[in-house]
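Read through the structure below, which is laid out as structure tokens, and then see the notes.
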Amino acid sequence: MSNKKNQNKTNKQTEKVANDKQTVEVIDDEKFKKIIAKRNFYNVHDAGMVFLWVLLLPILISFAFTYISYGIATAVGITFQEGQNFAEILLENYLWFSIPYALITQTVFACVFFIYNKVHRIKFSASKFKINKKIKPIPAVLCAVFGIVFVIGLFGLIEGCFGKLFEIWGVTSSSNPIPLDNFGWYVLWLLLFALIPAFFEELIFRGVIFNGLKRGIGSLGAIFLSSLLFALMHQSLNQFIYPFVMGCIFALVLNKTNNLVYPFLMHLFNNITTITIQYLENVGAINVAGLAINWVYILVSIILALVVGALFFLFYWFYLRKQEFEPHVEEGEEFSDSKPMMLWKLPVTIYVGIVISVLILVINLVAG
């Protein structure tokens, strides 16, 4: 009898050990799956690192490309006089240099985005660019329309009035050396300077940086900080205000719609409109540059800007805000209900990037 009881006790212990072992194996499997699973979100550390990469790499690669091209140019017999800026000469006179040079920044953006995602095991869907999901046609069309309207409404005030003010201060903007005087070049410009920048700038600055900052400092802080970084990336004082304003608008639209397609459309048509105006001016169809900057011009520019701002407010507050879009927390994405962190607790990479951007801005101003 005693042996039978001992046998039953032994069997129960053996069964308990087997169950415990299975439980441990299940837990280990879950931990392993969690380790190898791809993330479906960005955080503030991702935002800081990506911004630093996209800030520094284009500068370094541009320098390297310029000096390599200088070596090639001298090797094939192109001569430069002493004291001449050989980079400007190459940009203004040789398309084999100026076209690849113009693509450096966007190529870096693309490489940083895909390589960073690959290394850190982050899904493309973390950027919120969801073209495969159902896109609401009316908000999409209205975003594209506002991309056009913003150029018309803000061009006079920002590019005209503020541009003239910067000229008085001695701050000039550099022109793109690639020709824009026939339809063929116009189509190439639409590809190089409208479609490609709209796509990769949205992936980087709204897809990664805004979404990453949002998880740390909340929506409002992320809208303004991501837009500040977007404006600083242009590394020019006279190209600071417009990118900052548009960056805030793009981020605001993404924050509501939770789909990067909508701000992408707005950004794309904004670029297309700007290029189209420049093309029409180059072929003599319009004469925007010839308009006199007087009190009438300033008054009309201010009224247009106010009208466009009011129209966008009405569109956002009474239409877009009331639309039902996809949930902000999706399958595989962690939700954080913790309080937003203080700005001084953000990753050091963001502050380093801001300091470097400001230094570059100052150097460009001094260099004139």
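The C-beta contact set for segment 279-303 (first residue without any contact (Cβ under 8 Å) to a residue 60 or more places away in the chain, second residue of a type in the set (S, T, N, Q), distance under 8 angstrom, 6+ apart or interchain) comprises GLU281/ASN287. Residues that are loosely packed, with under 15 Cβ neighbours inside 10 Å, of a type in the set (Phe, Trp, Tyr) and modelled with pLDDT of 90 or more within segment 79-98 comprise just one, TRP96. When VAL149, VAL76 are checked against the criterion of being surrounded by fewer than 18 Cβ atoms within 10 Å (Cβ to Cβ) and either within 20 Å of the chain's Cα centre (by Cα) or of a type outside the set (Ser, Thr, Tyr) (or both), VAL76 stands alone in meeting it.
Within segment 154-163, is even one residue over 18 Å from ALA289 (Cα atoms), surrounded by fewer than 18 Cβ atoms within 10 Å (Cβ to Cβ) and either within 24 Å of the chain's Cα centre (by Cα) or at pLDDT below 95 (or both)? The answer is no; no qualifying residue exists. Total residues in segment 257-303 satisfying the condition of being among the aromatic types (Phe, Trp, Tyr) and loosely packed, with under 13 Cβ neighbours inside 10 Å: the figure is 1.
Among the residues of segment 241-253, are any farther than 30 Å from LYS123 by Cβ and surrounded by fewer than 19 Cβ atoms within 10 Å (Cβ to Cβ)?
Yes: one or more hits.
Each residue in segment 218-243 was checked for being aromatic (Phe, Trp, Tyr) and at pLDDT 95 or above, and 2 of them qualify.
The residues of segment 164-184 that are in a helix (DSSP H, G or I), at pLDDT below 90 and of a type outside the set (Phe, Trp, Tyr), listed by number, are LYS164, LEU165, GLU167, ILE168.
Yes/no matrix, rows are residues, columns are (1) in a loop (DSSP other than H, G, I, E, B); (2) at pLDDT below 95:
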site: HIS267; (1), (2): no, no
site: VAL296; (1), (2): no, yes
site: LEU299; (1), (2): no, yes
site: ILE302; (1), (2): no, yes
site: VAL307; (1), (2): no, yes
site: VAL329; (1), (2): yes, yes
site: ASP337; (1), (2): yes, yes
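Looking at VAL208, VAL187, just one residue is of a type outside the set (Phe, Trp, Tyr), assigned to a helix (DSSP H, G or I) and without any contact (Cβ under 8 Å) to a residue 24 or more places away in the chain, and that residue is VAL187. The lone criterion from (1) within 29 Å of LEU154 (Cα to Cα); (2) at pLDDT below 90 left unmet by LEU311 is number (2). Summed over segment 109-126, the residues that are at pLDDT 95 or above and of a type in the set (S, T, N, Q) give a count of 1.
Residue check: LEU203 meets all listed conditions (1) modelled with pLDDT of 95 or more; (2) out of contact with any Ser or Thr (no Cβ under 6 Å at 6 or more places or on another chain); (3) surrounded by 15 or more Cβ atoms within 10 Å (Cβ to Cβ) but one, namely (2). The residue of segment 99-146 that is surrounded by the fewest Cβ atoms within 10 Å (Cβ to Cβ), among those that are part of a helix (DSSP H, G or I) and of a type in the set (Phe, Trp, Tyr), is PHE114.
The values are calculated or read from the model by the stated rules, or taken from the named source; none is laboratory data. Worth saying up front: this structure is predicted, and the values here are computed from it rather than measured. So basically every Cβ, Gly included, is an ideal-geometry build from the backbone, and we count neighbours across all protein chains shown.
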